[in-house]
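The values are calculated or read from the model by the stated rules, or taken from the named source; none is laboratory data. For clarity, every value in this text was computed on a predicted model and none was experimentally measured. Areas reflect the complete protein model, heavy atoms only, side chains present, ligands, DNA and RNA absent. Shrake-Rupley method; radii C 1.70, N 1.55, O 1.52, S 1.80 Å.
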Amino acid sequence: MAQKKSIDEIWRELNAKPAPRKSSVPAGIPSIPGTTSAGAAHKLSGAGSSKPAPNLNQVVSEEMASDPMSESVRKTAVSYDPAKAGLSAEDVAAYMAAIQRLVNCLADPDRGTRRQAASNLQTKLVHGDASVPRASPQMLQVLVCGPLLGPLVGMLGDTVEKCRIVAVELLTHAVSRMTDIAPLLPVLMPELLRRMGNLPVVEQAEEIRLGLTHLVAAVLQHKECPTLSAYASDFCTFLCRALEDGYHEIKKSACGCVSTLAQHVPPALLAQHSSKLLAVLVANFGHAHSRVRLAVVEGLDHLVERDAVPAGSIEQVVAPAVRPIAYDRAPAVREAVFLALGRWMGASPAGLGHCGAANGAPGASLSAPQEQHQVRADGCGPHAAHLLPLLLVGVTDPQPPVANLALGLVEEVGRVWEASKADCQPQADERGSRPADVAMEESTSGALEGREVEMAEAEKPTEASSSTHQGTSDGPCSSTGGGGGGSD
């Protein structure tokens with residue numbers, strides 16, 4: 001039987017300092033997940049240190065939101081006189097006070113806070129709620145060109161994709177309803193080029209790249225803006241990147257922007273910056289989608305018709321690029337090409353209404369709006385020798401509606417040429433010199449004769465084989481001395 005311990009022995013054992021326990025985990029092997037050592041627990045508790053442990057989510061948010069360029073744009077201070085929009089300063093101040101907290105949260109380090117603030121701000125401005133009504137076009141004019149310009153444009157570079165989407169949608173919504181976008185462009189255009197104007201493209205989300213293209217399209221609709229032409233080079237640079245994008249919807253939207261740009265910017269100014277744009281545009285003729293090729297034809301049509309292309313581009317770039325499209329597999333694309341060729345040589349869209357469309361194809365809309373296409377004032381123009389052979393290809397199109405359309409265009413071009421020749425003849429007789437259209441006629445005739453020679457050379461093998469077959473079957477009727485008939 002074991003001897004019982006006295007009270008003093010038990011007390012001494014309880015007060016004795018325990019020996020340190022050795023770790024059973026070998027050195028170099030990490031600890032088991034979910035367990036915490038005494039030293040780690042001491043460090044996590046912050047014992048012995050006056051500095052609190054950092055919040056991991058806050059650190060990550062600060063690192064991801066640290067974009068110097070976006071921060072500088074966000075802090076841009078711009079003011080707009082409310083009286084220009086027909087509002088009082090008190091109304092603008094009251095509306096801004098209702099959304100000021102959300103605007104401040106757009107710069108919060110926390111990603112979730114910024115995302116929620118952006119969504120709430122969009123709801124208040126676009127739809128309104130119980131606390132604040134929907135922003136009117138006049139209010140959007142004052143806010144977006146004033147206190148909201150820096151935060152919204154800066155949010156285009158936010159690391160949260162939802163914030164960038166909201167920024168693009170809000171800016172597009174505002175620009176489409178504003179009447180004066182001149183104060184917006186000096187801040188907006190540099191950020192658009194930074195996001196989608198250089199290679200490699202900074203913006204990775206194709207949905208946002210499409211939204212940026214729609215935003216540029218909304219900006220280009222303001223043809224009355226006095227400073228729009230000053231950004232022609234920036235627009236061309238942005239559209240080059242959009243036309244090179246792999247997403248087909250972005251390509252189609254960019255082609256529409258090219259058409260609008262050609263209509264709202266002076267041709268002489270646009271021609272100074274459109275060389276690269278023209279090369280990138282015609283490169284999309286090889287795209288697999290017929291609707292993309294159709295949009296390219298429309299964009300090219302407006303550029304050439306407005307003479308917004310550099311000198312020599314018709315012969316060196318446009319005509320070689322259009323030649324394969326005259327044989328495109330889609331009837332709508334071929335129809336659009338022939339309509340554009342006819343317009344470039346002076347054919348009036350009003351005289352082509354009876355030709356109709358090819359099976360109701362989308363290309364028929366290109367000939368309908370007469371206000372969008374102007375007839376050339378210089379007759380067939382100086383490039384008819386390069387364009388007329390391409391138009392003649394359509395006369396033999398396999399689709400009868402397209403062939404009839406091309407034939408009508410050729411006849412219309414002929415009438416325009418005859419009218420311009422009749423107008424030039426009296427002036428030429430007075431000067432004793434040859435009219436310009438005569439030289440064009442000779443150049444066109446030479447081009448057509450060259451094409452006939454090429455077609456004759458291509459048909460020679462067929463004629464030779466046909467002649468040989470006829471000589472073998474007819475015997476002495478052959479024109480070669482009757483050698484074939486003698487053998488029979």
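Compute the relative contact order of segment 75-207 as a whole-number percentage, counting only Cα pairs closer than 8 Å that sit 6 or more residues apart in sequence. Please list the in-between numbers first.
Values: 135 pairs, mean separation 32.4, N = 133.
Reported as a whole number, the value is 24 percent.
Ignoring ligands, DNA and RNA, what percent of the accessible area of segment 75-184 is carbon or sulfur (1.4 Å)?
Numbers: 2390 of 4670 Å².
Percent of accessible area from carbon and sulfur atoms in segment 75-184: 51.
Relative to the compact-globule scaling 2.2 N^0.38 Å, provide the ratio for the alpha-carbon radius of gyration of segment 75-184.
Numbers: Rg = 13.0 Å, N = 110, 2.2 N^0.38 = 13.1 Å.
For segment 75-184, the normalised Cα radius of gyration comes out at 0.99.
Where does the Debye-calculated log10 I(q)/I(0) of segment 166-283 sit at q = 0.10, 0.14 Å⁻¹, using only Cα point scatterers of equal weight, no solvent?
-0.26, -0.52
Whole number in Å², please: accessible area per residue of segment 125-176, 1.4 Å probe, ligands, DNA and RNA not counted.
Accessible area per residue: 30 Å².
Using alpha carbon centroids, what distance separates segment 221-236 and segment 172-210, in Å?
Measuring centre to centre over Cα atoms gives 13 Å.
What number do you get for segment 133-213 when its Cα radius of gyration is normalised by 2.2 N^0.38 Å, N = residues? Walk me through the intermediate numbers first.
Values: Rg = 12.5 Å, N = 81, 2.2 N^0.38 = 11.7 Å.
Relative to the rule-of-thumb radius for its length, segment 133-213 sits at 1.07.
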